[in-house]
Amino acid sequence: QVQLVESGGGLVQTGGSLRLSCTASGSIRSIGTMGWYRQAPEKQRELVATITSGGSTHYADSVKGRFTISRDNAKNTVYLQMNSLKPEDTAVYYCNANVATYRVTVYYPYWGQGTQVTVSS
């Protein structure tokens, strides 16, 4: 059993910043790629950013230059620093982590419950 707990969402005005965090806990052997996804009302869930265990990052074009994903492997935590926020960034943000446990050694994707980010216009 692995649990991902997210924090940092909230209401912010256009141009503001938020920092999301997501911490994985449980019987964790290792964590591979971690990432953030978001889903706005009436839209499909989309990838925002990913980061590998070695620190390689990938960003959606819509957030490049504004968002930064990082991780602290010692804390099993992934962060998403969001700057220059726009109303179109409003969505529920979901944390994702590919986790191998001591019981199941292959990576399995786990998801957080989502945290609401609202950017006022």
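The values are calculated or read from the model by the stated rules, or taken from the named source; none is laboratory data. This structure is a prediction, so every number in the text was calculated from the model and none was measured. Note that we place each Cβ from the backbone using ideal geometry, even for glycine, and neighbour counts take in every protein chain shown. For accessibility, only protein heavy atoms count, side chains too; no ligands or nucleic acids. Shrake-Rupley method; radii C 1.70, N 1.55, O 1.52, S 1.80 Å.
Stretching R19 away from K43 to a fully extended chain increases their span by 6.3 nm, per 0.36 nm per residue minus the current alpha-carbon distance. Counting only residues at least eight positions apart within a chain, or on another chain, the lysines with an alpha carbon under 25 Å from that of K43 are K64, K86.
Multiply the residue separation of S27 and T52 by 0.36 nm, subtract the distance between their alpha-carbon atoms, and state the gained length in nm to one decimal.
On the way: separation 25, 0.36 × 25 = 9.00 nm, distance 1.99 nm.
This chain segment gains 7.0 nm when fully extended.
Give me the percent of Cα-Cα pairs in the chain that sit more than 22 Å apart, rounded to a whole number.
Distances greater than 22 Å cover 30 percent of the Cα pairs.
Solvent-accessible area per residue in the chain equals 54 Å², computed with a 1.4 angstrom probe and all protein chains kept. The charge dipole of the chain, taken about the Cα centre with unit charges on the Cβ atoms of Lys, Arg (+1) and Asp, Glu (-1), comes to about 240 debye, rounded to the nearest 20. A dipole drawn for the chain from +1 and -1 charges on Cβ atoms has a positive end, and of V63, I28, V5 the residue lying farthest that way is I28.
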